[in-house]
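Written out below as structure tokens is the structure these notes cover.
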Amino acid sequence: MSGTGTYLGMPAFPKAAAESTRNTTLRGNLRHATHTIRDKRARAVAELDDWAQLRAAGAAIKNRTLRHLDHYLEQVEATVTAAGGQVHWAADAAEANRIVTGLVRATGETEVVKVKSMATQEIGLNEALAEAGITACETDLAELIVQLGDDLPSHILVPAIHRNRSEIRDIFREKMADWGRPAPEGLTDRPAELAEAARLHLREKFLRAKVAISGANFMVAETGTLVVVESEGNGRMCLTLPETLISVVGVEKVVPTWRDLEVFLQLLPRSSTAERMNPYTSMWTGTTDGDGPKAFHLVLLDNGRTDALADTVGRQALRCIRCSACLNVCPVYERAGGHAYGSAYPGPIGAILTPQLRGTDSELDASLPYASSLCGACYEVCPVAIDIPEVLVHLRERVVEGGEVVRGGTKVTIRPAKGHAAERAAMRAARWTLDHPGTLRTAQRLASRTRRLHPRRLPGPGRAWTDTRALPEVPAESFRDWWKRTRGEGSGK
């Protein structure tokens, strides 16, 4: 059956990260993998003189599409239907799971093969299918490792990044037989042997599968074409061999034209796998007699996306093309790992996307905007120029202050999250002080004159901050007083 791991009920990020950062094996795996990927990416991007222009074009295309999303989604429905496909609209995860489960049941099959899909992870599709007696078999190598290990993905591009070769060998030896063809006798941890074991195991599933489930990297509105890019060929097998193909795709994945798609097919591979182009780029438009699946179903998933679209600051998260570049440069992700985020979307992009899709009502979701040092490295590498630090600060304000948001298409006023009263008081005091220059000068001088009495650690709610940081020393003289003493009150120098 599908892996039983679930993100529900996971602790808030600080607690989860405190535990994961003590795992030296995990940190070693993450450090090696992320540094390797980001160094390769940097070299691949440096090959293009017009990378900055491509990045700006990608952001502009996404912004234009999001502004007119209703129009392009209706166009997708019309073009997919005209090409022989069927379109289903899912307002939330429960509806999407209901639709997919019903479609699989209608075929009479009890096993499906799956292309790696963030959207299906987001809605917990594997678990929903398992409850209906349907086995969903992951075919991406990393997803297979995660599934066999009854684990959870921890990276957008490399879901099993937290596992090393020896761990993978042990998982294959112990669990492959439970799902089908067992691992070969005497399997070692050599990459070639592990890949061959996975190939033999999956080939049997590909050849007998009647139903496949996929996501999509892009949907081209003008033709109703869906696009999946991948590096192993498993996607090509899933998308062409079964009789029925069901694709679950977030509504934000639409691009207007083939010319727009060209931009993203340059941005995505270099930012994700550091390749000039993906080894496998599969495209399909509806159904064709005698070629590919006989039935194609497209499930357009909202699940909080149109609510995020209503937020003029936060909506830029919907530009994301799931390249994972932000994870590979993030110092917080590198040390905490993906599981600490409690979401299908880990790392910096998850810290801004998940609280918008799920809201900030839970302790976990309210903690995610704080899972960042605001160093800005994520923004620098994002191929569609999402200003992740800006959105993080915006969401922190929402957590602390509450306010008006859109939920289920309706404007509501949410209350501040619990546990932030001291932060609110501190920010309001700081705002009042900064609005009164005389008070600010007095506070600075008082802080300087009492600096020898200052504690090394903050008390109360501030204690957690100084658990891992040194409290900055207060200078003997404020900048204002230094300037006045050295330059004079009226100096223009």
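The values are calculated or read from the model by the stated rules, or taken from the named source; none is laboratory data. None of these values were measured; they are calculated from a predicted model. Reconstructed Cβ throughout: ideal geometry from the backbone, glycine too, with neighbour counts over all protein chains shown. Side chains included, ligands, DNA and RNA excluded: accessible areas come from the protein's heavy atoms. Shrake-Rupley method; radii C 1.70, N 1.55, O 1.52, S 1.80 Å.
List of remarks:
- All positions within the stretch 242-265 that are within 23 Å of the chain's Cα centre (by Cα) and of a type in the set (A, V, I, L, M): ILE246, VAL248, VAL249, VAL251, VAL254, VAL255, LEU261, VAL263, LEU265
- Helices (runs of 4 or more DSSP H) within the stretch 344-396 that include 3 or more residues under 20 Å from ASN303 (Cβ atoms): 347-358, 363-367
- Test: CYS326 is surrounded by 21 or more Cβ atoms within 10 Å (Cβ to Cβ), within 13 Å of the chain's Cα centre (by Cα), under 25 Å from TYR72 (Cβ atoms) and not hydroxyl-bearing (Ser, Thr, Tyr): no
- Residue count for the stretch 303-313, restricted to those that are at negative phi, buried (at least 18 other Cβ atoms within 10 Å of the Cβ) and assigned to a loop (DSSP other than H, G, I, E, B): 1
- Top-ranked residue of the stretch 156-179 - restricted to ones that are in contact (Cβ under 8 Å) with a residue 40 or more places away in the chain and not β-branched (Val, Ile, Thr), ranked as least open to solvent (accessible area, probe 1.4 Å): PRO159
- Tally of residues being of a type in the set (Gly, Ala, Ser) and in contact with a Pro (Cβ under 6 Å, 6 or more places away or on another chain) across the stretch 113-143: 1
- Going through (1) outside any loop (DSSP other than H, G, I, E, B); (2) more than 25 Å from the chain's Cα centre (by Cα) one by one, ALA142 falls short only on (2).
- Scan of the stretch 424-452 for residues that are among the charged types (D, E, K, R), more than 41 Å from the chain's Cα centre (by Cα) and surrounded by 11 or more Cβ atoms within 10 Å (Cβ to Cβ), ordered by number: ARG441, ARG445, ARG449, ARG451
- Verdict on LEU26 being part of a helix (DSSP H, G or I) and either at pLDDT below 95 or on the phi > 0 side of the Ramachandran plot (or both): yes
- Hits in the stretch 116-139 (condition: surrounded by fewer than 22 Cβ atoms within 10 Å (Cβ to Cβ), among the hydrophobic types (A, V, I, L, M, F, W, C) and within 19 Å of the chain's Cα centre (by Cα)): MET118
- Residues located in the stretch 17-65, provided they are closer than 28 Å to VAL384 by Cβ and small (Gly, Ala, Ser): ALA17, ALA33, ALA42, ALA44, ALA46, ALA52, ALA56, ALA57, GLY58, ALA59, ALA60
- A Cβ distance below 8 Å, combined with a sequence gap of six or more or placement on separate chains, defines the contacts here; from the stretch 7-18, residues that are open to solvent by 50 Å² or more (accessible area, probe 1.4 Å) reach residues that are at pLDDT below 90 in the pairs PRO14/ALA464.
- Test: ARG43 is open to solvent by 70 Å² or more (accessible area, probe 1.4 Å) and not β-branched (Val, Ile, Thr): yes
- The residue of the stretch 230-246 that is surrounded by the most Cβ atoms within 10 Å (Cβ to Cβ), among those that are within 23 Å of THR81 (Cβ to Cβ) and touching a Ser or Thr at 6+ places or on another chain (Cβ under 7 Å), is CYS238.
- Test result for THR486, open to solvent by 40 Å² or more (accessible area, probe 1.4 Å) and part of a strand (DSSP E or B): no
- Residue check for SER282: open to solvent by less than 40 Å² (accessible area, probe 1.4 Å), among the hydroxyl-bearing types (Ser, Thr, Tyr) and under 21 Å from the mean Cα position of the chain (by Cα): no
- Options TRP89, TRP51; residue that is aromatic (Phe, Trp, Tyr) and more than 22 Å from ALA308 (Cβ to Cβ): TRP51
- Hits in the stretch 197-229 (condition: of a type in the set (Lys, Arg), part of a helix (DSSP H, G or I) and either open to solvent by 10 Å² or more (accessible area, probe 1.4 Å) or farther than 21 Å from LEU125 by Cα (or both)): ARG199, ARG203, ARG208
- Matching residues in the stretch 76-115 - criterion: being charged (D, E, K, R), more than 28 Å from GLY408 (Cα to Cα) and under 22 Å from the mean Cα position of the chain (by Cα): LYS114
- Across the stretch 174-197, the number of residues qualifying as closer than 18 Å to ARG163 by Cα and more than 32 Å from the chain's Cα centre (by Cα) comes to 2.
- Among the residues of the stretch 284-302, those identified as closer than 29 Å to ASP70 by Cβ and not in a strand (DSSP E or B) are GLY286, THR287, PRO293, ASP302.
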